[in-house]
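Below: one structure, written as structure tokens.
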2 protein chains.
Amino acid sequence: MSPYDPSAFPPFGVTVDLVVLTVRRHALCALVVRRGEPPFQGRWALPGGFVRGDEDLAAAAARELAEETGLCAHDPASPASANGAHLEQLATYGDPQRDPRMRVVSVAHLVLAPDLPAPKAGGDAHGARWASVADLLGQEAGFGREGEQSGPLAFDHARILADGVERARSKIEYSSLATAFCPPEFTVGELRRVYEAVWGVALDPRNFHRKVTGTPGFLVPSGGTTTRQGGRPAQLFRAGGATVLNPPMLRPEV
Amino acid sequence: MSPYDPSAFPPFGVTVDLVVLTVRRHALCALVVRRGEPPFQGRWALPGGFVRGDEDLAAAAARELAEETGLCAHDPASPASANGAHLEQLATYGDPQRDPRMRVVSVAHLVLAPDLPAPKAGGDAHGARWASVADLLGQEAGFGREGEQSGPLAFDHARILADGVERARSKIEYSSLATAFCPPEFTVGELRRVYEAVWGVALDPRNFHRKVTGTPGFLVPSGGTTTRQGGRPAQLFRAGGATVLNPPMLRPEV
DNA sequence: TCAAAAGTGTTTCACATACACCCATGC
DNA sequence: GCATGGGTGTATGTGAAACACTTTTGA
């Protein structure tokens, strides 16, 4: 048999799942939707859906993202669009048992977005919310967390989320992707709090400031300043053209 | 419509394609097979084939690898096996037009293997060979290359190969993966020539030696020495347990 | 004796860390 | 004034780059 005999393939469903990350109130959060039907009815899951027959994988991910959040994906391959979030392919999950009903291969994508008002529960989702990644992954042996209890994510979505978080944690080391978590204009302190939330560490504000302002192309001053609640007004910046950071930001030892 | 309604999905074929890299005669080489039938009949392509209905993606990749080369994959997730090459998922390619006959989504995998005798042309392949990556990607405005002319790779395999090469180039910076290109016992010089071939640069032998022998867990001496054609005998090493290199090997500026 | 490759020592410079210190605002 | 966060200066340590130098073999 030829490796590409088109008549001899088993039937596969192909979906995209989205790991949409943002930083809210000093915590790394992911977008989850409530499943309205079995299997895993009532459980939280990553947003996603089937790839259409004439649709590229990245296009399917961008469409699902728009349906869930109204965000326009800012695919590095295609030109930028307004209010663009960063979107990239993450990995593909194809365990034969991952969906109890049929064989489904899911191409997971990673989206990094600035803090958004509230997820609109339109589209397929019966409910959507931002949930703390620490809660979702149970890395926190609950010392009296308020907030909704999540329960484990549906399907293999905990694994997918963990992979997406790890990708985000490592990519902000050597790229300027952390700015994707910020609004168009932001201060050095806001950017530092992004790093602190994603990595879960505290960084020295002085050294961080020198580092990011000294890396050419990372940040460009936008001219304005912000008035803040107590404290000296901070300079506002926009993301510069640089995409790769050399030398990288160093994540402190664990 | 539910995002997981199992009856509403369009038909997809799912394949795995393999970027199998090795270092031969100081050059980074990839395994390619000759296509025996249309489309792209007679052209070179990456080895690959359909995923079976009950098969995990990594298992399908390992099976194709064994069929083409006799190598046993050494999946980090599963226990090691003899003569193990490194295997990891690379990326997934799903452009609706990438296969002219039907909708095929290909989950590409990356394999790093030590220098092997010669590819066995068994399995599906009508012919198989190691080809220089520089030739395959046409990064070399041919100054009288002998050797077989390749022509462009079939499908979008040039893109997949380029992505795999870039992955390998960056991963050997911060991991001990370069040892996957070496036989079980090797010298520091051999390891250095791996880095030089993959990166296409020259490295200082003195600093390289200090760096790799000084990184704990990267190399462990196996006791023996090699006699070489002219030159002082070199100490033999095996790969140590470390998988991540800290601090990383630094790739010289381009 | 010479070529070739292995391995060591030393200098210099870039950069990360730590922390003292000043600046500009609200209360 | 004082708390709060923004921003600068400076010492110290680690490690990469460059390169002189020694070691050990084959021819």
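The values are calculated or read from the model by the stated rules, or taken from the named source; none is laboratory data. Computed from a predicted model, the values in this text were never measured in an experiment. Reconstructed Cβ throughout: ideal geometry from the backbone, glycine too, with neighbour counts over all protein chains shown. The accessibility values were calculated without ligands, DNA or RNA, using every heavy atom of the protein model including side chains. Shrake-Rupley method; radii C 1.70, N 1.55, O 1.52, S 1.80 Å.
Some observations on this one:
- Residue identified as assigned to a helix (DSSP H, G or I) and either modelled with pLDDT under 95 or more than 22 Å from B:Leu136 (Cβ to Cβ) (or both) among B:Glu37, B:Glu67: B:Glu67
- Residues considered: A:Pro252, A:Pro247. Of these, the only one that is within 30 Å of A:Ala131 (Cα to Cα), within 12 Å of DNA strand C (Cβ to nearest atom) and within 14 Å of another protein chain (Cβ to nearest Cβ) is A:Pro252.
- Failed item, numbered, when A:Leu110 is tested on (1) more than 10 Å from every other protein chain (Cβ to nearest Cβ); (2) within 27 Å of B:Val16 (Cα to Cα); (3) modelled with pLDDT under 95: (3)
- Subset of segment B:187-239 [of a type in the set (Gly, Ala, Ser) and near DNA strand C (Cβ under 7 Å from one of its atoms)]: B:Gly189, B:Gly230, B:Gly231, B:Ala234
Quick grid of which residues meet (1) assigned by TED's automatic domain parsing to the domain that holds A:Phe181; (2) open to solvent by 10 Å² or more (accessible area, probe 1.4 Å); (3) within 21 Å of A:Ser132 (Cα to Cα):
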| position | (1), (2), (3) |
| --- | --- |
| A:Phe40 | no, yes, yes |
| A:Arg43 | no, yes, yes |
| A:Phe50 | no, yes, no |
| A:Asp54 | no, yes, no |
| A:Leu57 | no, no, no |
| A:Arg63 | no, yes, no |
| A:Thr69 | no, yes, yes |
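- The residues of segment B:200-225 that are in contact with a strand residue (DSSP E or B) (Cβ under 9 Å, 6 or more places away or on another chain) and aromatic (Phe, Trp, Tyr) amount to a single one, B:Phe218.
- Any hit, segment A:13-32, residues being modelled with pLDDT under 95, within 14 Å of chain B (Cβ to nearest Cβ), assigned to a strand (DSSP E or B) and closer than 28 Å to B:Phe40 by Cα: yes
- Segment B:224-253 residues that are assigned by TED's automatic domain parsing to the domain that holds B:Phe208, paired with ones that are near DNA strand D (Cβ under 8 Å from one of its atoms) and not in a loop (DSSP other than H, G, I, E, B) (beta carbon under 6 Å, 6 or more apart): B:Pro233/B:Thr225; B:Gln235/B:Thr225
- Selection over segment B:33-58 of residues that are at the interface with chain A (Cβ under 9 Å from one of its Cβ atoms) and free of Cβ contacts under 8 Å to residues at least 40 places away in the same chain gives a count of 7.
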